Amino acid sequence: MSTESSAERQTETIPEWKRTEVDALVEAITAYESVGIVDIAGIPSRQLQQMRAELQGVAVLRVSRNTLVVRALEEVQEGAEELTEYVSGQIGIISTDENPFGLFRELEASKTPAPINPGEITPNEIVIPEGDTGVDPGPFVGELQQVGANARIDDGSIKVMEDSEVLAAGEEVDQQLANVLNELDIEPKEVGLDLSAVYADGILFEPEALALDMEAYEADFRQAAAAGRNLAINAGFPTDRTVEAMLGTAAGQAKSVGLSAAIAAPSLAEELLARADAQLRALASVIDDDEALPEELRGPQQPVEPTASESEDGDGEEEQADEEMTDADTDADDSDDDEDGGDGDALGAMFG
């Protein structure tokens, strides 16, 4: 009997409610871009309903019998049947139009702290922190010490004297430790939907591939984008992201060529004149002969020293001037004497 006939017979013999459920699961698988299997073990029904409500608008969670989930995945095929390997224990199907990475981040962000029960395996080390427990002195201090905490009574209260690791990751929690943790309101585990695998665009993703450090990923992406842009610019490959920088580089290179070749273009005139002026002043600084320089580049004018002959001539002129002044003074004195003598003669004539 052919496989197709067997499948038809199997389909015909299953109860209608199962057929309806399989059809609904097939719809949940095929109507979205991504479909995954999530582990819901240990999540109370009330919290599961709350998580389902919080996912509204982002993803759809459907819980069904594992056998029906497998049947639906096998009916869809197209690669989705690879998810059947992860259908084990308490699981659900989650469907979304988000990409697998976005779905994983959404599920991780929705997890909340929760108490751990006796018999459970702790996913992380359990540490009772240093500080005041707020519990009055009593037998509880002995319970703390029995589970491995450094505790004692101090100032009328039970205090933990240092951070105390009481259970390593991967170990089972016993009843005594569970009671102590519950008394201290320590919730060492997170409750949420654990993604086992997700199928999208023909690729099966597991959580290890989806747990990205987004800050490091973004930094790597920016670095790669910058390197690609630089490569395109250096290779002369014009795009809307590189053409502006390429034109700026070309303009700068053209300007450098124009200045080096001293091309008299209006856009270069100011810089050419400034460069010529700087060169002229540099040359003037090493020339000793002021007469060879334009007036504005000459040094400050120094007073001219008289020559020896000029000094002698000057002395002669001064002596001559002194002599002339002496003669003039003598003549003036004689003139004064003559005037005085005339006056005496006149008086004598008057008085006989």
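The values are calculated or read from the model by the stated rules, or taken from the named source; none is laboratory data. None of these values were measured; they are calculated from a predicted model. Every residue, glycine as well, gets a Cβ built from its backbone with ideal geometry; the counts of neighbours run over all protein chains shown.
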Any idea which of (1) surrounded by fewer than 17 Cβ atoms within 10 Å (Cβ to Cβ); (2) assigned to a helix (DSSP H, G or I); (3) in the same structural domain as S64 (by TED's automatic domain parsing) is the one E106 doesn't satisfy? (1)
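Please work out which residue is surrounded by the most Cβ atoms within 10 Å (Cβ to Cβ), limiting yourself to region 76-103 and to residues that are of a type in the set (V, I, T) and part of a strand (DSSP E or B).
Among those residues, the one meeting the criterion is I94.
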Tally, over region 184-221, of residues that are under 25 Å from the mean Cα position of the chain (by Cα), without any contact (Cβ under 8 Å) to a residue 60 or more places away in the chain and not in a helix (DSSP H, G or I): 1
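To keep it simple, each residue is scored yes or no on (1) surrounded by 11 or more Cβ atoms within 10 Å (Cβ to Cβ); (2) closer than 30 Å to T96 by Cα.
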| position | (1), (2) |
| --- | --- |
| V198 | yes, yes |
| D213 | no, yes |
| L231 | yes, no |
| G248 | yes, no |
| K255 | yes, no |
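Conditions (1) among the acidic types (D, E); (2) assigned by TED's automatic domain parsing to the domain that holds F101; (3) more than 15 Å from G134 (Cα to Cα); (4) not in a loop (DSSP other than H, G, I, E, B), marked per residue:
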| site | (1), (2), (3), (4) |
| --- | --- |
| I158 | no, no, no, yes |
| E162 | yes, no, yes, no |
| V166 | no, no, yes, yes |
| A169 | no, no, yes, no |
| L177 | no, no, yes, yes |
| L181 | no, no, no, yes |
Can you pull out every residue in region 79-106 that is modelled with pLDDT of 90 or more, under 11 Å from V198 (Cβ atoms) and among the hydrophobic types (A, V, I, L, M, F, W, C)? L83, I93, I94, F101, L103, F104
Number of positions in region 155-181 that are within 14 Å of F140 (Cβ to Cβ), surrounded by 13 or more Cβ atoms within 10 Å (Cβ to Cβ) and not β-branched (V, I, T): 5
Evaluate the following for P137: is it surrounded by 12 or more Cβ atoms within 10 Å (Cβ to Cβ) and touching a helix residue (DSSP H, G or I) at 6+ places or on another chain (Cβ under 9 Å)? no
